[in-house]
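Heads up: the structure comes next, in structure tokens.
The values are calculated or read from the model by the stated rules, or taken from the named source; none is laboratory data. Since this is a predicted model, take the numbers as computed values, not measurements. Note that we place each Cβ from the backbone using ideal geometry, even for glycine, and neighbour counts take in every protein chain shown.
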Amino acid sequence: MDTTTARLQTPRAAGAAGIAFAVLLAAAIVLMRIALPSGDGAEVPVDPADRWAVRLALEIVPFAAIAFLWFMGALRAHAGEAEDKFVSTVFLGSGFVCVATLCVAAGAAGTVLAQDPPSDFGRTYAYTVLATYSMRMAAVFVLATSTMGRRLGIFPKPLALLGTAVGLVLIVVGSGVPWSELLFPAWALVVSLHILRSRLR
């Protein structure tokens, strides 16, 4: 396969990986919210009967992380040599930290399976890492990606504005609003569908 063909196929790979990441991460977040409904560790006790949801979420997160890394790489390849070095550095750094903290949050949530009765500490720690740290790194990633897409003309203006809005909400709201984490996979899904649609057209 020559370089030109590989370059043309990159956006479709990005779209496929982005859709997989969006679906997997959203499923993991929903499962965790159902099984561990509160992040404060005091108001709602952990129900041992919901451990299956935690186990399933823990199985999903690594695959979501892999899909996200592929999504990152394909987006960067799509940007090509014209990418802004400063923005791309922020893009890469925030993406890597986001993936790392997602895995840490999943590991912390897994501690509820290691104790009987389940411990509230793991739940509190998992939500702190997810909502306070991981989602703020996700916000930086969304903002950097939207900036890069707007400057290079690979994102239409409405999509770039949507990314800016999502990034600002995630970075400001953080852990203050439950379920706000779903904005990140929702944004990734919209971007992925746009990329696939662009390639099909």
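What number of residues within the stretch 150-175 are more than 18 Å from the chain's Cα centre (by Cα) and of a type outside the set (D, E, K, R)?
Summing the residues that are more than 18 Å from the chain's Cα centre (by Cα) and of a type outside the set (D, E, K, R) in the stretch 150-175 gives 7.
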Given (1) surrounded by fewer than 18 Cβ atoms within 10 Å (Cβ to Cβ); (2) modelled with pLDDT under 70; (3) among the aliphatic types (A, V, I, L, M), number of the condition Ala13 does not satisfy: (1)
Going through the stretch 135-166 in order, the residues found to be touching a Phe, Trp or Tyr at 6+ places or on another chain (Cβ under 8 Å) and among the hydroxyl-bearing types (Ser, Thr, Tyr) are Thr145, Ser146
Tell me, yes or no, whether the stretch 79-90 has at least one residue that is within 14 Å of the chain's Cα centre (by Cα), at pLDDT 80 or above and of a type in the set (Ser, Thr, Tyr). no
When restricted to Ala57, Ala53, Ala109, the only residue aliphatic (A, V, I, L, M), at pLDDT 85 or above and touching a helix residue (DSSP H, G or I) at 6+ places or on another chain (Cβ under 6 Å) is Ala57
Name the residues in the stretch 139-198 that are without any contact (Cβ under 8 Å) to a residue 60 or more places away in the chain, part of a helix (DSSP H, G or I) and of a type in the set (Val, Ile, Thr), would you? Val140, Val142, Thr164, Val166, Val169, Ile171, Val172, Val173, Val190
Met148, sole failed condition from (1) closer than 13 Å to Cys98 by Cβ; (2) surrounded by 23 or more Cβ atoms within 10 Å (Cβ to Cβ): (1)
Asp116 fails exactly one of the following numbered conditions: (1) farther than 24 Å from Gly176 by Cβ; (2) modelled with pLDDT under 80; (3) in a helix (DSSP H, G or I); (4) of a type in the set (D, E, K, R). What is the number of that condition? (3)
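Return the residue satisfying two criteria in turn: it lies in the stretch 158-184 and is farther than 21 Å from Ser88 by Cβ and of a type outside the set (A, V, I, L, M), and of such residues it is surrounded by the most Cβ atoms within 10 Å (Cβ to Cβ).
Filtering the stretch 158-184 down to residues farther than 21 Å from Ser88 by Cβ leaves 158, 165, 169, 172-183.
With the extra rule that they be of a type outside the set (A, V, I, L, M), the set shrinks to 158, 174-176, 178-181.
On the way: Pro158: 9, Gly174: 16, Ser175: 17, Gly176: 9, Pro178: 13, Trp179: 9, Ser180: 17, Glu181: 27.
Taking the candidates together, the pick is Glu181.
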Hey, Ala26 in contact with a Pro (Cβ under 7 Å, 6 or more places away or on another chain), modelled with pLDDT of 90 or more and under 26 Å from Val142 (Cα atoms) or not: yes
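At pLDDT 80 or above, touching a Leu at 6+ places or on another chain (Cβ under 9 Å) and surrounded by fewer than 19 Cβ atoms within 10 Å (Cβ to Cβ) - does that describe any residue in the stretch 34-50?
Our first condition is that a residue be at pLDDT 80 or above; within the stretch 34-50, this holds for 34.
Then keep just the ones that are touching a Leu at 6+ places or on another chain (Cβ under 9 Å); that gives none.
No, the conditions are met nowhere in the stretch 34-50.
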